[in-house]
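Here, each number is a calculation from the coordinates, and none is a lab measurement. For clarity, every value in this text was computed on a predicted model and none was experimentally measured. Every residue, glycine among them, receives a Cβ derived from its backbone with ideal geometry; neighbour counts consider all protein chains shown.
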Amino acid sequence: MEKLLDGTKFTLGVCYYPEHWPETMWETDLARMLESGIEVIRVAEFAWSLTEPEEGRFTFCFFDRFLDLCQEKGMKVIFGTPTAAPPAWLTKKYPEVLNAHPDGKRLEHGGRRHYNYNSPVYREKTALIVEKLAEHFGGHPAIIGWQIDNELNCEMDEFYSEADHCAFRIFLQDKYRTLEELNRAWGTVFWNQTYTDWEEIILPKRTRSGNPNPHALLDYARFISKSARDFALLQSSILRKYVKKNDFITTNGRFDHLDNHELTKESLDFYTYDSYPDMSYNTDGGRQPSGLRDRESSQSLSEVRSVSPVFGIMEQQSGPNGWTTCMMAPAPKPGQMTLWTMQSIAHGADFVSYFRWRTCTFGTEMYWHGILDYSGRENRRIAELRDIRQKLNLIQEAAGGRYRAEAAVVKDYDNCWDLRIDMWHRDLEAVSQPAIFAAAQKLHTPLDYVYLSEEGTSMPLSSYKVLIYAHPCIMTETRAAVLKEYVAEGGILILGCRSGYKDLDGHCVMQDLPGLLHPLSGADIPEFTRTCPGDSPVRIRWGEKSFEAPVFNDILQPLTEDEEPAETLGIYENCYYAGKGALLCHRYGKGMVYSLGTVFTEELAAAFLEETNVAEPERETLELPESCELSIREKNGSKYYFVLNYSGNPVTVGVKSPLFSLFDSVPVGREMVLEPFGTAVLKKG
Ligand code: GAL
């Protein structure tokens, strides 16, 4: 097999646990997978005890036998390092490797992810097992790649072990050098928190009762991210010594308190994601106001694309899901397994590996079903898998294609972490992010996510006509300069309320607001307020339309000293600031900046996409019902339209220019009917 993600093909895989089944089943399982279109399996990510059953005694025969069989059958393998679940002998002998609750009470053995990244013993034991596994299996011809750990920061993204307290102090010493500088950055003069010795510093706890220092919490988030990255780097630098030339290193998932972009740059060849679209509505009880349900997963997939433009799915939902302790999701309805696979592919995945082959008959996940049920009998899902393989054979030419979007949402980790700490900030993003995404979805407007940092951007900003930076509360000189350049060169930037009021330490700035965005936005904010839930909703008049302006209101006015002052496009309709500015538009260089005084509701986000002419970029080609998502991947001058119907009813799509249906190998007529949960890949050019 050529390299995975080489831009020539879509590959299917499955997660397999040879240790869960009698060895006599391996051969038929592998043969059946291959016959169903599975070419790659991921194994071993929780199998530490099988290779180091007691401290320092390594045994490889189990996976030797399994990998040799894979090689004989022609199955390719992604091998996982087992560090997400340390063995009982290890946690018993070295309890300091365990993570702890905020009160210091250690976690216990019996689940997974109960370790901490910073324990010197755990790092030593990790380095040893990874070295032994890589040394022994690295050259095995069946292996094509390695997965580090499993879902870093999943289930547990808070760390309070003794080792973490110590490592935090070292992290802070590296960052601040002197206690004076730390005391300044954390504003410790407030409430007499001043530190006089590094040893006085402990990890801040996120409990409301402690009212922890917000600046310390921001550093805590950065510290956790750095700890997870260093843990991955420890493993990847060992793996690199042994892996074969074309083999890759990846890790799966996308969890909080982790700078996935830096992690990938430092340690991975590409990123893989675990996609369980059903969970996004069944577990949350369908609470999303947008009503997007499983389509909401496209937002996560879009964020993954910002890390790796072409990526893999290590775990793709294939069955009804649930643990014995939580979560309950029904079986995918006929067509939904295909729909979710195509959702991943539409967003940039060239490799999709299902979770899991056969459902385990024991353990916490015995209701987390895979393709097959417990008996392994033929079922609807394996039939659908075979059909997916046939479909992918028909669209191979689109593999490697780059997702095409004219609009992007800008994000950065400092603000992402700040909003977990600061409820004033969180309440803004909680409305704006889902609303912007939903508006783009319903207007069939492909959307990217771009991450900004002090080092640069995850994609060149100039690739986009429009950027929405919803609430960049934290702003820096460097980032403001990047935005200025983007706008000066002709870009359109849309900013929401509360922009630019904090610095990188999370302190509020003393400049007039929006702080460092003052000259660029051409806006001045003499006054602002949170809206009051009991009052009648504040509204904005923008042209002919009136919009709700919930959560927060910046009262805006054009900067008077500006040569070309901003234009007031929208005003507040009620409250004591009725008639004052709610939306400004400012020409800057060849581009334009919109400043909105409130959060982005779905209606406002849709209005901005229309106003800036990026809504429905393919309206001359396709007429799509609201239930359909449109994604476009481009390759060698051709466009591939992925049309995905998330509704359980058939829908009709209008086709206005010549397109070729790759699934049917025929040109499409003026209309095309998509079945319930149906998908189509249409080629132009
Ligand atoms: C993922 C995890 C898998 C499995 C799956 C189903 O988050 O990586 O190991 O637990 O969920 O629960």
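Here are the numbers for this structure:
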read-out: Within region 475-511: backbone nitrogen closer than 14 Å to the Arg530 label point (7 Å, Cα to C-beta); value: none
read-out: Around Phe528: net Lys/Arg minus Asp/Glu count, Cβ-Cβ under 12 Å; value: -1
read-out: Dipole of region 160-199, positive direction: furthest Cα of Trp198, Asn183, Ser161, with charges on the beta-carbon; value: Asn183
read-out: Gain on full stretching of the segment that runs from Glu96 to Cys326 - 0.36 nm per residue minus C-alpha separation; value: 80.0 nm
read-out: Within the chain: Cβ-based charge dipole about Cα centre, in debye rounded to nearest 20 (Lys, Arg +1; Asp, Glu -1); value: 1460 debye
read-out: Percentage relative contact order, the chain, counting C-alpha pairs under 8 Å, at least six apart; value: 11 percent
read-out: Separation of alpha-carbon centers, region 415-482 and region 620-650, rounded to whole Å; value: 25 Å
read-out: Longest DSSP-loop-exposure-free segment, GluC sites (Glu not before Pro), the chain, at most 11 other Cβ within 10 Å; value: 156-377
read-out: Net length gained if the chain between Glu27 and Glu564 were fully extended (0.36 nm per residue, minus Cα distance); value: 185.9 nm
read-out: Test item: Cα-centred dipole of region 262-374, Lys/Arg +1 and Asp/Glu -1 on Cβ, debye; value: 340 debye
read-out: Stretch in the chain that is longest and holds no chymotrypsin sites (Phe, Trp or Tyr not before Pro) that DSSP places in a loop and that have at most 10 other beta carbons within 10 Å; value: 1-361
read-out: Aspartates and glutamates with Cα under 12 Å of Lys244, excluding same-chain neighbours fewer than 8 positions away; value: Glu135
read-out: DSSP bridge pairs, the chain: antiparallel proportion in percent, nearest 5; value: 55 percent
read-out: Vicinal HN-Hα couplings computed from phi for region 446-459 (Karplus, 6.51 cos²θ - 1.76 cosθ + 1.60; Hz; Gly/Pro x); value: x, 9, 9, 10, 10, 9, 10, 9, 5, 8, x, 10, 6, 9
read-out: Qualifying aspartates and glutamates (Cα of each under 19 Å from Cα of Lys590; at least 8 residues distant if same chain); value: Glu406, Glu485, Glu489, Asp562, Glu563, Glu564, Glu567, Glu611
read-out: Projected label distance in nm at Phe255 and Trp89, using a 7 Å step from Cα toward the beta-carbon; value: 2.6 nm
read-out: Under 5 Å, built H, 5+ apart or other chain: amide partners of Ile494; value: Leu467, Ile468, Tyr469, Tyr594
read-out: In region 356-407, the trypsin sites (Lys or Arg not before Pro) that fall in loop regions by DSSP, at most 10 other Cβ within 10 Å; value: Arg377
read-out: Length gained when the stretch Asn649-Lys245 is fully extended (0.36 nm per residue, less Cα-Cα span); value: 140.6 nm
read-out: Separation in nanometres of the label points that stand 7 Å from Cα toward Cβ, at Ser463 and Trp424; value: 3.6 nm
read-out: Over 24 Å (Cα to Cα) - which of Lys93/Lys175; Lys93/Lys132; Lys245/Lys683; Lys442/Lys683; Lys125/Lys245; Lys241/Lys411 fall in this group; value: Lys93/Lys175; Lys245/Lys683; Lys125/Lys245; Lys241/Lys411
